[in-house]
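Notes follow the structure.
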Amino acid sequence: MKEKRNYRLFDARQQWEHDQARIPGGVLLDADGVVELQGLERDTVLVIHCHHGIRSMNVAQQCLQLGFTEVYNLTGGIEAWARDVDPEVPRY
C-alpha cells in the first residue's frame, strides 16, 4: 500500500467476520468476490487475508494454481493488521 502498487485485496473470512471487521478496500470472497477474482488478469497482484493467515494461505495457493503470478498472504491476518497497522479495525 505504501508503495502505491496496483493490487487487489481479498478477504477469505466468513460474512459475519467481514461485517465485524474489515480492511478498507477488501473484497469478501463470497460468490460475487470469487467471480470478480476469476475475471482478473493473471498478472494482477493479489493480497489475501483472513483472521490469522491460515485460510488465506490456502486461498493464495489456490490462486497460484489458477495461474496468478504474484500472490501474497497477509501474514497474521486481520488480527495482525488491527494490532500493528490500524488499531481502529476491531479485534475479535
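The values are calculated or read from the model by the stated rules, or taken from the named source; none is laboratory data. All of these numbers come straight from a predicted model, not from anything done at the bench. Cβ atoms come from the backbone with ideal geometry, glycine included; neighbour counts cover every protein chain shown.
The table below gives the values:
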{"item": "Every residue from segment 1-56 that is among the β-branched types (Val, Ile, Thr) and farther than 21 Å from PRO87 by Cα", "result": "VAL34, VAL35, THR44, VAL45, ILE54"}
{"item": "Subset tally (residues that are part of a loop (DSSP other than H, G, I, E, B), at pLDDT 95 or above and either among the hydrophobic types (A, V, I, L, M, F, W, C) or farther than 17 Å from ARG55 by Cα (or both)) for segment 16-34", "result": "3"}
{"item": "Residue tally, condition surrounded by 15 or more Cβ atoms within 10 Å (Cβ to Cβ) and basic (Lys, Arg), over segment 1-58", "result": "4"}
{"item": "Some residue of segment 38-50 being in contact (Cβ under 8 Å) with a residue 24 or more places away in the chain and within 17 Å of TYR92 (Cα to Cα)", "result": "yes"}
{"item": "Checklist (1) out of contact with any Gly (no Cβ under 9 Å at 6 or more places or on another chain); (2) in contact (Cβ under 8 Å) with a residue 12 or more places away in the chain; (3) not hydrophobic (A, V, I, L, M, F, W, C) applied to SER56, failing item", "result": "(1)"}
{"item": "Answer residue from segment 59-92, given it is assigned to a helix (DSSP H, G or I) and touching a residue at least 60 places away in the same chain (Cβ under 8 Å) and is surrounded by the most Cβ atoms within 10 Å (Cβ to Cβ) among those", "result": "ILE78"}
